[in-house]
Amino acid sequence: MSTRTLARDDLWEIATAQHGFVTAQQAKDVGVGKETLQKLVGRGTVERAAFGVYRFPKYPVGEADPYMLAVLWTRAPEAALSHETALDVYRISDINPNVIHVTVGKHRRLRRSDGQGYEVHYEDLDPAQLGWWQEVPTVTAATAIAQCIGYGTPTYLLRQALQNGHEQGRLTTAERDALTARLDTRHG
């Protein structure tokens, strides 16, 4: 006799690794169709957090929630926090970005209107450029600083990130030195 799990249990398993969030595509991938997902919304088991992204309201709210939502909102499996947002979450700079920066592959084209508060960047990232912050995919500190040099982030914030990133062990001496040289030539 086989026992079939409930749709909510299948989704809960995914959501616990994503701060309580699950996407419609992930639901489809485990055999939970749109109709079943809408029934779960109707019962209050999950709530719509953004287009194609749902959240279990019984999952505890945490500081990483808006960042996980931003990554999942893109519906791109390679999406990661990046640029000034990565510097902020790693706490290596006093930067206070007014949007959440997310990088997706160059081949993606997001045409959604519900992404207020997000700035999407298009770049193909190497796996070595990716890391994690509180279980949220995030570019490494070195990658974030390099992105911010090109983005135009103020120099004093990047110098702070270079120093703090190195002191915290997020940057090797070689990375710090190479990024410092790149920052020095940005204005020269």
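A short reminder: the numbers here are calculations on the coordinates, not readings from a lab. Only a predicted model underlies this, so the values are computations on that prediction, with no experimental measurement involved.
Taking 0.692 mPa s as the viscosity and 37 °C as the temperature, the Stokes-Einstein diffusion coefficient of the range 3-148 based on its alpha-carbon Kirkwood radius rounds to 206 µm²/s. Rounded to two decimals, the Cα-based Rg/Rh of the range 6-89, with Kirkwood Rh, is 0.98. Summary of the geometry: the range 120-158 and the range 98-112, compared by the centres of their Cα atoms, lie 13 Å apart. Computed with the Debye formula from one identical point scatterer per Cα of the range 7-55, without solvent, the log10 of I(q)/I(0) at q = 0.16, 0.30 Å⁻¹ comes to -0.33, -1.32. Binning all Cα-Cα separations of the range 62-188 at 5 Å, short to long from zero, yields these whole-percent fractions: 2, 11, 23, 24, 20, 12, 6, 2, 0.
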